1. Before rounding to the nearest 500, sum -39500 (n - 2.57) across all DSSP H runs of length at least 4 in the chain and divide by the residue total; then give [θ] at 222 nm in deg cm²/dmol.
2. For SER80 and ARG11, FRET efficiency with R0 = 30 Å and r from the beta-carbon atoms, rounded to 0.05?
3. If I take R0 = 30 Å and measure r between the Cβ atoms of LEU142 and LEU65 in this structure, what FRET efficiency does the formula 1/(1 + (r/R0)^6) give, to the nearest 0.05?
4. Just the ratio, please: alpha-carbon radius of gyration of the chain over 2.2 N^0.38 Å, N its number of residues.
5. At 1.4 Å probe size, with every protein chain present, just tell me what the per residue accessible area of segment 5-149 comes to in Å².
6. Taking the alpha-carbon centroid of each part, what is the distance from segment 1-49 to segment 73-128 in angstrom?
7. Using a 1.4 Å probe on the protein heavy atoms, what percent of the accessible area of the chain belongs to carbon and sulfur?
8. Along the Cα-to-Cβ line of LYS18, 7 Å from the Cα, sits a label point; which residues in segment 85-99 have backbone N less than 11 Å from it?
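The values are calculated or read from the model by the stated rules, or taken from the named source; none is laboratory data. It should be emphasised that the depicted structure is a prediction, and the values quoted were computed from it without experimental measurement. Note that we place each Cβ from the backbone using ideal geometry, even for glycine, and neighbour counts take in every protein chain shown. Side chains included, ligands, DNA and RNA excluded: accessible areas come from the protein's heavy atoms. Shrake-Rupley method; radii C 1.70, N 1.55, O 1.52, S 1.80 Å.
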Amino acid sequence: MTDSIFSKIIRGEVPSHKVYEDDFVIAILDIAPLSEGHTLVIPKEPAETLDELSDDHAAALGRVLPRICRAVKRVTGAESYNLLQNNGQAAGQAVPHVHFHIIPRFPERGEAVDGKPDKDNGPGLRTTWKPGTLTQEEALELGKHIKRLL
Ligand code: AMP
């Protein structure tokens, strides 16, 4: 486990704009926001990726996430928002400590809208993906192995 910037923030060694704290979780404003109200919800346990998180911290996160989303929505007036949670370098994770991004969306302010071509789009988050296919055989085989581990 690494001692990331978020562990330092949790210990109070690095300043942050903290908007929530309990025994298991803090929430802070992102220092380089993609939009107004961009908030990070961070478990205090220093797990690098979500799959490493203990059940207690996962439960605490699950309990407060919707509440923090509600507060961000009310304060910013955003009708839409994304919850983004990156795990590992290839997934775009820069800070190796579990965190959920709450990213409000403001198309009415000319900010990015999913599905619009790059050249016509505004600043901010865009989520695009190129869907693949899943055959019946592949689904049965994969599903069987995942189920076995749960
Ligand atoms: P990720 O790519 O999912 O690991 O995102 C890391 C996020 O942490 C980025 O959006 C950064 O802007 C944010 N960040 C990094 N350092 C700080 C900090 N000291 N305070 C607040 N947010 C931070």
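1. Details: 3 runs with 41 residues, N = 150.
Helix contribution divided over all residues of the chain: -9000 deg cm²/dmol.
2. Details: r = 34 Å, r/R0 = 1.14.
Calculated value: 0.30.
3. On the way: r = 28 Å, r/R0 = 0.93.
So the FRET efficiency works out to roughly 0.60.
4. Numbers: Rg = 17.6 Å, N = 150, 2.2 N^0.38 = 14.8 Å.
In units of the globular-protein estimate, the chain measures up at 1.19.
5. Numbers: 9330 Å² over 145 residues.
It amounts to 64 Å² per residue over segment 5-149.
6. If we compute the Cα centre of each part, the gap is 18 Å.
7. Working: 5500 of 9820 Å².
C and S atoms contribute 56 percent here.
8. Inside the label zone: nothing.
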